[in-house]
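Each remark here refers to the structure printed beneath this line.
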Amino acid sequence: MTDIIQLLPDHVANQIAAGEVVQRPASVVKELLENAIDAGADEIKLVIKDAGKTLVQVIDNGKGMSVTDARLSFERHATSKIKTAEDLFQLNTKGFRGEALASIAAIAHVDLKTKRPVDELGTAIEIEGSTVKSQDIAVTPTGTSVAVKNLFFNIPARRNFLKSDTVELRHITDEFHRVALAHPNIAFAFYHNGSELFNLPKENYRQRVVHIFGNKTNEKLVPVEEETEVLKISGFVGKPEYSKKTRSEQFFFVNQRFIKSPYLNHAISAAFEGLLKDGYHPSYFLNLSVDPKTIDINIHPTKTEIKFDDEHTLYAILRSAVKHSLGQFNIAPVLDFEQQSDFNTPYSYKNKAGKTPTIEVDQSFNPFADDSGSSKSVDSRTNYKSPPTANWESLYVGLESKSNNGQRDEVDFNFEQDHNTETIFSDTSVETSKTTFQLQQKYIVSTLKSGMLIIDQNRAHQRVLYENFLKHMTIKEATSQQLLFPLELGFTPNELKIIMDLREDLEHTGFVFSNVTKETLTVTGVPVGVPESEVSIILEQLISDVEHDVPDANFSAADLLAKSMAKSLAIKNGQTLKNTEQEHLVNSLFACKEPNVSPTNRPTFITMSTDDIEKKFV
Ligand code: ADP
Ligand code: MG
């Protein structure tokens, strides 16, 4: 028998390595930006076409390469950044594996142009799938330009696997944010299909954060500074009242490298303990500097994870630094009468002398809006032409009036003794038939001829709302309720883009927008029954859903929107429902096309036959 083991040819080895390094256009963006930074550039331009599927180009004014280096840079394990294995323990550069360019050249068409400051003329190299097509002397400015075209041209399976342009562009933007945030002293520009998405001058860190996340961010930031022997921290955390439902504003940089660390994230959450509402996440933009010897960044090919020698100490320092800042900048919880006062005293307040409380005025409170708002929805309810089973909207009326009273949270903590506050419903007198009852403010139990029906109130209501929103969107006609005072909401350019992509569908549910600027959106009308106070929550939830459901090519914006709004607006578990409301909900559920499951395909109800029950008694 002959021997059967062979060495893989280089281009095959490179393609395999490429699978690890390059998952999508955003990976190319990351590698090229990092190379430009390692080359000492202070101006970097990123040019993208078709979300990177057609072109990713990075142009820098860094130190460039000699003719030989230019050619060598595409060889595997070719790097100028480490010479010995020991160098690995004192990394000050982003790259060190010498794999990126070789991998990228194996799966794309690459044009490189580069020139060192000392040279008169530069070098141009064209490579396609690891094969050098041409190499010339070129007239080119000092620095390097790498253009990566037709990514995955020779791996159709990978190319087909790419998501829609929206999704791929979002990944690229995320990568760009991370690199740009880590290097405020470098100027960055970012163009997509010819339009400028970012133009960031050299600036300080605060300006960089604000430039990327929008002007409104400025007022949210609380500085965090700490220096100990093992760790230096600088950066910002967001004030608790600006916390978000998404984790989109959480950034750790270790030695100017973006990392993900659930453990350190926990340290921040611990520092915010008692200051955040359930389900909300703090924003942070924190730079940690540690001795490169004490970390290991070599454990993951895309290098977003990191191992620290002494995690516990870092955790403790980080938590106390953040707590200290929150205390120092007087971030007290907003007066909140529903919670026990000793429940959420931040640590730095425990030992402080008392302070005269300040009064928070709810500027959006408008006594007129309250009346007109609810009477409008009541009107529209009586005009509602569908069969009586569909007057689920009455479920909102209570919500709405309550929230306008500035007691929104009460809805969620609506325990039985609160019954006397529930006089908002016009039809209170109809409490006669007791065919349903509520279990644990979570389930509605009803009798059937042959047994018993148990409905999950939240899921059932989601189903009802979902079908209703979808209907409005498809027939493109919805009743809108005009706001007395237009609502101006602030978003990041990125978030605004998500909303604008869905604008048409949103308008078909009844939203009316006017005056869209780069960072704000004015809402002048909302779907009937949607309380004004819920508007920003709905839109935030929507953004988060779009960001996290990673919609692919065949996703329907309308469907996602309907689901997201249904989720935001459905009655929650823990909410007491009057008998009439319970019955409305049951009837509306069974008037649905698909009553059995929630919009996310979970069961809305279960039944138990008398047989089942009898079996339990044997
Ligand atoms: P690594 O960054 O891990 O060293 P790469 O494959 O990304 O590996 O790059 C290989 C080498 O090519 C680098 O070590 C560097 O010497 C050179 N290089 C790559 N990009 C640039 C650039 N933009 N400017 C100057 N040199 C570069
Ligand atoms: Mg590199």
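The values are calculated or read from the model by the stated rules, or taken from the named source; none is laboratory data. For clarity, every value in this text was computed on a predicted model and none was experimentally measured. No Cβ is skipped: glycine too gets one built from the backbone with ideal geometry, and neighbour counts run over all protein chains shown.
Could you tell me whether region 202-224 includes any residue that is more than 30 Å from residue 273 (Cα to Cα) and not in a strand (DSSP E or B)?
At the first step, the residues of region 202-224 found to be more than 30 Å from residue 273 (Cα to Cα) are 202-203.
Imposing the further condition that a residue be not in a strand (DSSP E or B) reduces the set to 202-203.
Yes, some residue in region 202-224 is more than 30 Å from residue 273 (Cα to Cα) and not in a strand (DSSP E or B).
Condition first: touching a strand residue (DSSP E or B) at 6+ places or on another chain (Cβ under 9 Å) and of a type in the set (Asp, Glu). Now tell me which residues in region 66-104 satisfy that.
Residue satisfying the conditions is 69 alone.
Report, by residue number, each residue of region 557-574 that is within 20 Å of residue 437 (Cα to Cα) and crowded, with 22+ Cβ neighbours inside 10 Å.
Correct list: 570, 571.
Residue-by-condition table, conditions (1) charged (D, E, K, R); (2) at pLDDT 85 or above:
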site	(1), (2)
537	no, no
545	yes, no
548	no, no
611	yes, yes
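Scan region 153-174 and tell me whether some residue there is within 16 Å of ligand 2 (Cβ to nearest atom), in a loop (DSSP other than H, G, I, E, B), at pLDDT 90 or above and among the hydrophobic types (A, V, I, L, M, F, W, C). Before you say what the answer is, go through the steps one by one.
Step one: filter region 153-174 for residues within 16 Å of ligand 2 (Cβ to nearest atom), giving none.
For region 153-174, residues within 16 Å of ligand 2 (Cβ to nearest atom), in a loop (DSSP other than H, G, I, E, B), at pLDDT 90 or above and among the hydrophobic types (A, V, I, L, M, F, W, C): absent.
Among residues belonging to region 497-533 that are surrounded by fewer than 20 Cβ atoms within 10 Å (Cβ to Cβ), in contact with a strand residue (DSSP E or B) (Cβ under 9 Å, 6 or more places away or on another chain) and acidic (Asp, Glu), point out the one that is nearest to residue 481 (Cα to Cα).
507
Look at region 509-533 and say how many of its residues are under 23 Å from residue 470 (Cβ atoms), outside any loop (DSSP other than H, G, I, E, B), modelled with pLDDT under 85 and not β-branched (Val, Ile, Thr).
Going residue by residue through region 509-533, those that are under 23 Å from residue 470 (Cβ atoms) are 509-513, 523, 525-531.
Then keep just the ones that are outside any loop (DSSP other than H, G, I, E, B); that gives 509, 512-513, 523, 525-527.
Imposing the further condition that a residue be modelled with pLDDT under 85 reduces the set to 509, 527.
Still in the running and not β-branched (Val, Ile, Thr): 527.
Of the residues in region 509-533, 1 are under 23 Å from residue 470 (Cβ atoms), outside any loop (DSSP other than H, G, I, E, B), modelled with pLDDT under 85 and not β-branched (Val, Ile, Thr).
Could you list, in sequence order, all residues of region 596-612 that are surrounded by fewer than 18 Cβ atoms within 10 Å (Cβ to Cβ) and either within 24 Å of the chain's Cα centre (by Cα) or outside any helix (DSSP H, G or I) (or both)? Talk me through it step by step, then tell me what you get.
The initial filter retains those residues of region 596-612 that are surrounded by fewer than 18 Cβ atoms within 10 Å (Cβ to Cβ), namely 596-597, 600-603, 606-612.
Those that are surrounded by fewer than 18 Cβ atoms within 10 Å (Cβ to Cβ) and either within 24 Å of the chain's Cα centre (by Cα) or outside any helix (DSSP H, G or I) (or both): 596, 597, 600, 601, 602, 603, 606, 607, 608, 609.
Determine, yes or no, whether residue 134 is of a type in the set (Gly, Ala, Ser), away from ligand 1 (no atom under 16 Å from the Cβ) and either surrounded by 16 or more Cβ atoms within 10 Å (Cβ to Cβ) or at pLDDT 95 or above (or both).
Spelling it out, residue 134 is indeed of a type in the set (Gly, Ala, Ser), away from ligand 1 (no atom under 16 Å from the Cβ) and either surrounded by 16 or more Cβ atoms within 10 Å (Cβ to Cβ) or at pLDDT 95 or above (or both).
Among 3, 38, which is within 13 Å of ligand 2 (Cβ to nearest atom), surrounded by fewer than 21 Cβ atoms within 10 Å (Cβ to Cβ) and of a type in the set (D, E, K, R)? Before you say what the answer is, go through the steps one by one.
Working: 3 fails: within 13 Å of ligand 2 (Cβ to nearest atom).
Answer to the check: 38.
Answer yes or no as to whether residue 86 is crowded, with 18+ Cβ neighbours inside 10 Å and of a type in the set (Asp, Glu).
no
Whether any residue in region 113-130 is more than 24 Å from residue 258 (Cα to Cα) and in contact with an Asp or Glu (Cβ under 6 Å, 6 or more places away or on another chain) is what I want to check. Even if it seems obvious, please write down each step before you answer.
Going residue by residue through region 113-130, those that are more than 24 Å from residue 258 (Cα to Cα) are 113-130.
Next, only the ones that are in contact with an Asp or Glu (Cβ under 6 Å, 6 or more places away or on another chain) stay: 124, 126.
Scanning region 113-130 turns up at least one residue that is more than 24 Å from residue 258 (Cα to Cα) and in contact with an Asp or Glu (Cβ under 6 Å, 6 or more places away or on another chain).
Name every residue in region 459-485 that is modelled with pLDDT under 85 and among the β-branched types (Val, Ile, Thr), in order of residue number.
Hits for region 459-485 are 474, 475, 479.
So that you can scan it fast, the table gives a plain yes or no per residue for (1) among the acidic types (Asp, Glu); (2) over 30 Å from residue 52 (Cα atoms):
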{"site": "200", "(1), (2)": "no, no"}
{"site": "211", "(1), (2)": "no, no"}
{"site": "236", "(1), (2)": "no, yes"}
{"site": "241", "(1), (2)": "yes, yes"}
{"site": "265", "(1), (2)": "no, yes"}
{"site": "271", "(1), (2)": "no, yes"}
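Six or more apart or on different chains, Cβ under 6 Å: which pairs go from a residue in region 78-91 that's outside the structural domain of residue 290 (by TED's automatic domain parsing) and in a loop (DSSP other than H, G, I, E, B) to one that's of a type in the set (Gly, Ala, Ser) and within 15 Å of ligand 2 (Cβ to nearest atom)? Could you list them?
Once the first residue is outside the structural domain of residue 290 (by TED's automatic domain parsing) and in a loop (DSSP other than H, G, I, E, B) and sits in region 78-91, its partners that are of a type in the set (Gly, Ala, Ser) and within 15 Å of ligand 2 (Cβ to nearest atom) give 78/98; 79/98; 81/95.
Please find, among 120, 99, the residue that is in the same structural domain as residue 65 (by TED's automatic domain parsing), more than 13 Å from ligand 1 (Cβ to nearest atom) and closer than 21 Å to residue 68 by Cβ.
Numbers: 99 fails: more than 13 Å from ligand 1 (Cβ to nearest atom).
Of the residues listed, the single one that is in the same structural domain as residue 65 (by TED's automatic domain parsing), more than 13 Å from ligand 1 (Cβ to nearest atom) and closer than 21 Å to residue 68 by Cβ is 120.
Looking only at region 252-275, count every residue that is surrounded by fewer than 17 Cβ atoms within 10 Å (Cβ to Cβ) and among the aliphatic types (A, V, I, L, M) and tell me the total.
1
Could you tell me which residue of region 128-146 is farthest from the chain's Cα centre (by Cα), considering only residues that are at negative phi and within 16 Å of ligand 2 (Cβ to nearest atom)?
The first filter runs over region 128-146 and keeps only residues at negative phi, leaving 128, 131-142, 144-146.
Checking which are within 16 Å of ligand 2 (Cβ to nearest atom) leaves us with 144-146.
Numbers: 144: 33, 145: 32, 146: 30 Å.
Taking the candidates together, the pick is 144.
Quick one: would you say residue 488 is modelled with pLDDT under 85, outside any helix (DSSP H, G or I), surrounded by fewer than 21 Cβ atoms within 10 Å (Cβ to Cβ) and of a type in the set (Asp, Glu)? Don't jump to the end; show me each part of the working.
Details: modelled with pLDDT under 85: no; outside any helix (DSSP H, G or I): yes; surrounded by fewer than 21 Cβ atoms within 10 Å (Cβ to Cβ): yes; of a type in the set (Asp, Glu): yes.
Spelling it out, it is not the case that residue 488 is modelled with pLDDT under 85, outside any helix (DSSP H, G or I), surrounded by fewer than 21 Cβ atoms within 10 Å (Cβ to Cβ) and of a type in the set (Asp, Glu).
Residue 76 is checked against (1) in contact with a helix residue (DSSP H, G or I) (Cβ under 7 Å, 6 or more places away or on another chain); (2) within 12 Å of ligand 2 (Cβ to nearest atom); (3) not acidic (Asp, Glu) and fails just one. What number does that condition carry?
(2)
Which of the residues belonging to region 169-198 are of a type in the set (D, E, K, R) and either buried (at least 21 other Cβ atoms within 10 Å of the Cβ) or in contact with a His (Cβ under 8 Å, 6 or more places away or on another chain) (or both)?
Let us first name the residues in region 169-198 that are of a type in the set (D, E, K, R), namely 170, 174-175, 178, 196.
Residue satisfying the conditions is 175 alone.
Which residue, of 260, 216, is closer than 30 Å to residue 50 by Cβ and of a type in the set (D, E, K, R)? Walk me through how you get there before you give the answer.
Numbers: 216 fails: closer than 30 Å to residue 50 by Cβ.
Sole residue among the options that is closer than 30 Å to residue 50 by Cβ and of a type in the set (D, E, K, R): 260.
Here are the criteria: (1) aliphatic (A, V, I, L, M); (2) closer than 24 Å to residue 539 by Cα; (3) assigned by TED's automatic domain parsing to the domain that holds residue 295. Tell me which single one residue 169 does not satisfy.
If we test residue 169 against (1) aliphatic (A, V, I, L, M); (2) closer than 24 Å to residue 539 by Cα; (3) assigned by TED's automatic domain parsing to the domain that holds residue 295, just (3) comes out false.
Which condition does residue 55 not pass, out of (1) away from ligand 2 (no atom under 16 Å from the Cβ); (2) modelled with pLDDT under 95; (3) crowded, with 17+ Cβ neighbours inside 10 Å, if it passes all the others?
Status for residue 55: all satisfied but (2).
Got a sec? Which of 94, 113, 30 is crowded, with 19+ Cβ neighbours inside 10 Å, near ligand 1 (Cβ under 10 Å from one of its atoms) and of a type in the set (Lys, Arg)?
Values: 113 fails: near ligand 1 (Cβ under 10 Å from one of its atoms); 30 fails: near ligand 1 (Cβ under 10 Å from one of its atoms).
Result of the check over 94, 113, 30: 94.
Of the residues in region 98-113, how many are within 14 Å of ligand 2 (Cβ to nearest atom) and over 16 Å from residue 10 (Cβ atoms)?
Just the residues of region 98-113 that are within 14 Å of ligand 2 (Cβ to nearest atom), to begin with: 98-105, 110, 112.
Then keep just the ones that are over 16 Å from residue 10 (Cβ atoms); that gives 112.
The qualifying residues number 1.
Scan region 256-268 and report the pairs whose first residue is assigned by TED's automatic domain parsing to the domain that holds residue 311 and whose second residue is among the small types (Gly, Ala, Ser), with Cβ atoms within less than 7 Å and a gap of 6+ or a chain change.
256/182; 257/182; 258/182
Checking the conditions here, which among 79, 144, 166 is more than 10 Å from ligand 1 (Cβ to nearest atom) and not charged (D, E, K, R)? It would help to see each step written out before you state the result.
Numbers: 79 fails: more than 10 Å from ligand 1 (Cβ to nearest atom); 144 fails: more than 10 Å from ligand 1 (Cβ to nearest atom).
Exactly one residue qualifies, and that residue is 166.
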